[in-house]
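Visitor: Before anything else, here's the structure in question.
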DNA sequence: CTCGCGTGAGACTTAAACGTCTCAGATGAG
DNA sequence: CTCATCTGAGACGTTTAAGTCTCACGCGAG
């Protein structure tokens, strides 16, 4: 009987990422339990299995749609943080702040086993975003703010997997969302910033 | 647990972790493809499905055994690095060196979806190891070598997931095993070490 | 040569999940 | 009131992979 419990103000940021409540609930459950069946996902979303199939033609389509929404959110967050603008340290801070808030939402979806072509499509969607982040790293290295010995590729790896780790730590109750976000930012900052002094512009 | 067929000189470090060649091959394939069927795993190991079932009574048993071997290797590597001995910076370096070499072997197995009780058993096995690592962090903080604002819990999270990330980066061809290991160590070191000066012992 | 052991091949049963379909009840608009 | 629509419940067929079993082959030991 509980179709759409629209109450006062849903503090749930997954909603705005995944569009509707069913998708959001399914995403949450799928993140905790990657092998969940359509039955389980329907229960988690509070609808019947039939309704879930009406909304998503197949399980693969469901997973693909959720992962694409997550990738989209990731890409938009980075874009809005404008990594190409202003001094690299500040740009990095903006990016980390934006991504930290996404951890709980999209982190664990990164673990989802995907079909080949879906994974390729996701990589294609985020390729430009990743390149923008690599550019930021290189820009900071040229300006003297960031360590030159850090591979931009490793920065992407850190970003991706520490996001997942933050989400997992929160899931296991080992970290709070706030502390995870702070530690994520602090770690990336420490890894990138040169220990000595910031810039020198000859 | 069958006997180990010791032949000439296997250059494959997965062998010594997983005991026999069948288990090692299955582990490698399972890491790349977490949803692989017994058919696929048998082919990857170069044996028939029947033989795979003779070696492992069920798929769950296979996954459990591989993950337990990985956890065992992780725990042993940390123990042998003696995190409680000597100055914290050196102890940390030993631990990171040992774990970096394990990345390719055990990293991706951490992603495996496990049954509840198996996961619990793994966590129980590694609890002491994790506590030893937390102790190392705290010891370094008390000695003034490490930043006090870093949560030991976050260090474990970083360690775990950057290990996975390193393995994944190598799998995707984005990083080489050597560079991944170096970056892993550099990142943890940068995240932990105090930027100013090492110790002060009043 | 012959025995015994392990392996590969493949048939078979079972279990679980996917995906389709139908039908009855609830709800809201006109 | 009536109709259109959406939903839940559940039956149903299909597929896929797990797990079991049998049998024939190869190979080394005695």
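The values are calculated or read from the model by the stated rules, or taken from the named source; none is laboratory data. Because the structure is a prediction, the values reported are computed rather than measured. Neighbour counts run over all protein chains shown; Cβ positions are idealised from the backbone, glycine included.
Residues checked against (1) in contact with a helix residue (DSSP H, G or I) (Cβ under 6 Å, 6 or more places away or on another chain); (2) more than 16 Å from DNA strand C (Cβ to nearest atom); (3) under 28 Å from residue B:176 (Cβ atoms); (4) at pLDDT 90 or above:
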position: B:3; (1), (2), (3), (4): no, no, no, no
position: B:14; (1), (2), (3), (4): yes, yes, yes, no
position: B:24; (1), (2), (3), (4): yes, no, yes, yes
position: B:50; (1), (2), (3), (4): no, no, no, yes
position: B:92; (1), (2), (3), (4): no, yes, yes, yes
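Visitor: Take the stretch B:182-202 and flag every residue that is out of contact with any helix residue (DSSP H, G or I) (no Cβ under 6 Å at 6 or more places or on another chain), more than 10 Å from chain A (Cβ to nearest Cβ) and at pLDDT 95 or above.
Guide: none
Visitor: Using the structure shown, decide if residue A:100 is closer than 18 Å to residue A:70 by Cα and either in a helix (DSSP H, G or I) or touching a strand residue (DSSP E or B) at 6+ places or on another chain (Cβ under 7 Å) (or both).
Guide: On the way: closer than 18 Å to residue A:70 by Cα: yes; either in a helix (DSSP H, G or I) or touching a strand residue (DSSP E or B) at 6+ places or on another chain (Cβ under 7 Å) (or both): yes.
Spelling it out, residue A:100 is indeed closer than 18 Å to residue A:70 by Cα and either in a helix (DSSP H, G or I) or touching a strand residue (DSSP E or B) at 6+ places or on another chain (Cβ under 7 Å) (or both).
Visitor: Touching a helix residue (DSSP H, G or I) at 6+ places or on another chain (Cβ under 9 Å) and either modelled with pLDDT of 95 or more or within 11 Å of chain B (Cβ to nearest Cβ) (or both): is that true of residue A:166 in this structure?
Guide: Numbers: touching a helix residue (DSSP H, G or I) at 6+ places or on another chain (Cβ under 9 Å): yes; either modelled with pLDDT of 95 or more or within 11 Å of chain B (Cβ to nearest Cβ) (or both): yes.
Taking the combined requirement at face value, the residue satisfies it.
Visitor: Moving on to the next point. Could you check the stretch B:169-181 and list, in sequence order, the residues that are more than 9 Å from every other protein chain (Cβ to nearest Cβ) and touching a residue at least 12 places away in the same chain (Cβ under 8 Å)?
Guide: Correct list: B:170, B:171, B:177, B:181.
Visitor: Another question, then. Which one is farthest from the chain's Cα centre (by Cα) among residues in the stretch A:145-155 that are closer than 24 Å to residue A:71 by Cβ and facing another protein chain (nearest Cβ under 8 Å)? Outline the logic, then answer.
Guide: The first filter runs over the stretch A:145-155 and keeps only residues closer than 24 Å to residue A:71 by Cβ, leaving A:151-155.
Now narrow it down to the ones that are facing another protein chain (nearest Cβ under 8 Å): A:151, A:153-154.
Working: A:151: 21, A:153: 17, A:154: 17 Å.
Filtering first and then ranking leaves A:151.
Visitor: Could you tell me whether residue A:105 is within 16 Å of DNA strand C (Cβ to nearest atom) and either touching a strand residue (DSSP E or B) at 6+ places or on another chain (Cβ under 8 Å) or part of a helix (DSSP H, G or I) (or both)? It would help to see each step written out before you state the result.
Guide: Values: within 16 Å of DNA strand C (Cβ to nearest atom): no; either touching a strand residue (DSSP E or B) at 6+ places or on another chain (Cβ under 8 Å) or part of a helix (DSSP H, G or I) (or both): yes.
The answer is no for residue A:105.
Visitor: Which condition from (1) out of contact with any strand residue (DSSP E or B) (no Cβ under 6 Å at 6 or more places or on another chain); (2) more than 10 Å from chain A (Cβ to nearest Cβ); (3) at pLDDT 95 or above; (4) buried (at least 18 other Cβ atoms within 10 Å of the Cβ) is the one that residue B:138 breaks?
Guide: Among (1) out of contact with any strand residue (DSSP E or B) (no Cβ under 6 Å at 6 or more places or on another chain); (2) more than 10 Å from chain A (Cβ to nearest Cβ); (3) at pLDDT 95 or above; (4) buried (at least 18 other Cβ atoms within 10 Å of the Cβ), the lone unmet condition for residue B:138 is (4).
Visitor: For residues that are part of a loop (DSSP other than H, G, I, E, B) and more than 11 Å from DNA strand C (Cβ to nearest atom), scanning just the stretch B:26-46, find the one that is farthest from the other protein chains (Cβ to nearest Cβ).
Guide: Residues of the stretch B:26-46 part of a loop (DSSP other than H, G, I, E, B): B:33-37, B:46.
Narrowing the set further to residues that are more than 11 Å from DNA strand C (Cβ to nearest atom) leaves B:33-37.
Working: B:33: 8, B:34: 5, B:35: 5, B:36: 10, B:37: 13 Å.
Ranking the candidates gives B:37 first.
Visitor: Then there's this: Do you know which residues across the stretch A:121-133 are in contact with a helix residue (DSSP H, G or I) (Cβ under 9 Å, 6 or more places away or on another chain) and more than 11 Å from every other protein chain (Cβ to nearest Cβ)?
Guide: If the condition is that a residue be in contact with a helix residue (DSSP H, G or I) (Cβ under 9 Å, 6 or more places away or on another chain) and more than 11 Å from every other protein chain (Cβ to nearest Cβ), then A:121, A:122, A:125, A:126, A:128, A:129, A:132, A:133 are the ones that fit.
Visitor: Can you name the residue in the stretch A:47-66 that is near DNA strand D (Cβ under 7 Å from one of its atoms) and assigned to a loop (DSSP other than H, G, I, E, B) and is also nearest to the chain's Cα centre (by Cα) among such residues?
Guide: Taking the stretch A:47-66 and keeping what is near DNA strand D (Cβ under 7 Å from one of its atoms), we get A:47-51, A:54.
Still in the list and also assigned to a loop (DSSP other than H, G, I, E, B): A:47-48.
Values: A:47: 26, A:48: 29 Å.
Checked the stretch A:47-66; the qualifying residue nearest to the chain's Cα centre (by Cα) is A:47.
Visitor: Can you confirm whether residue B:195 is surrounded by fewer than 17 Cβ atoms within 10 Å (Cβ to Cβ) and either more than 21 Å from residue A:189 (Cβ to Cβ) or under 17 Å from the mean Cα position of the chain (by Cα) (or both)? First the steps, then the outcome.
Guide: Values: surrounded by fewer than 17 Cβ atoms within 10 Å (Cβ to Cβ): yes; either more than 21 Å from residue A:189 (Cβ to Cβ) or under 17 Å from the mean Cα position of the chain (by Cα) (or both): no.
When the stated conditions are applied, residue B:195 does not pass them.
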